[in-house]
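Remarks on the structure that follows.
Every number in this text was worked out from the coordinates using simple rules, so none of it is lab data. Here the structure is a predicted model, which is why all the values come from computation and not from measurement. For neighbour counting, all protein chains shown are included, and Cβ atoms are generated from backbone atoms with ideal geometry for every residue, glycine included.
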Amino acid sequence: MTKLDEVQLSYFAGYFDGEGCIFIGRRGERVVQIKSCYPKIVKSFNKSFGGRYYKEKRSGKSYWRDCFYFRIFGKEAVNVIKHLYPFLREKKEQARLFLKHHSSKDAHTKAQYAVQIKSLKKVNCKEIKMLIAGMMGGIELGKYDGIDFTPSIVTGKQIGRASCRERVCQY
């Protein structure tokens, strides 16, 4: 890992708060991930922390852009979170549980931490509806300027691979 100063760490933490993901895999492996359509910042994470960098070629819609990933596993993932932790805001609780999962020796306790981390990722559709309504000056959701805000977010219909209620790691 490259030596980083506070300004760099706070920048990385801010980006990670918005685009990052902390999770415990099916076999208990600890994973830290960034997914973005901007390769420069993803490469910066890779250069600074190690891990894997790869590109996902997206096909389908003509306006879809390629995605770039930074992924790091195990003790190295824990090391990334330890460095970013003092600067995190949105993902601070997930990071705290992630670090507790790492330090725990008991399998049952580790499983509980994994469930708690996953539960923090759940999207609350009612909160999203209220947030969007608040951004729009409290008006009811529906079609405005040709944009329909209701189907997927409010009703929980299919969004990509998971419904709104199940959506994790993609925001």
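Would you mind classifying the range 34-76 by shape? Square roots of the alpha carbon gyration tensor eigenvalues, ordered a ≥ b ≥ c; an a/c under 1.5 is rounded, otherwise it is prolate if a/b is larger than b/c and oblate if not. Walk me through the numbers before you get to the answer.
Working: a/c = 3.98, a/b = 2.26, b/c = 1.76.
It comes out prolate by the Cα gyration axes.
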(message) How many angstrom lie between the Cα centre of the range 1-19 and the Cα centre of the range 75-95?
(response) 10 Å
(request) Any chance you could get the radius of gyration and Dmax over the Cα atoms of the range 1-131, in Å? (result) 15.5, 49
(request) Could you pull out the pairs from Lys61/Lys118; Lys47/Lys92; Lys3/Lys105 whose alpha carbons sit more than 26 Å apart here? (result) Lys61/Lys118; Lys3/Lys105
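Using the beta-carbon distance between Lys43 and His108 and R0 = 41 Å, what value does 1/(1 + (r/R0)^6) give for FRET efficiency, to the nearest 0.05? Provide the component values of the computation, followed by the final result.
Values: r = 39 Å, r/R0 = 0.96.
It comes out at approximately 0.55.
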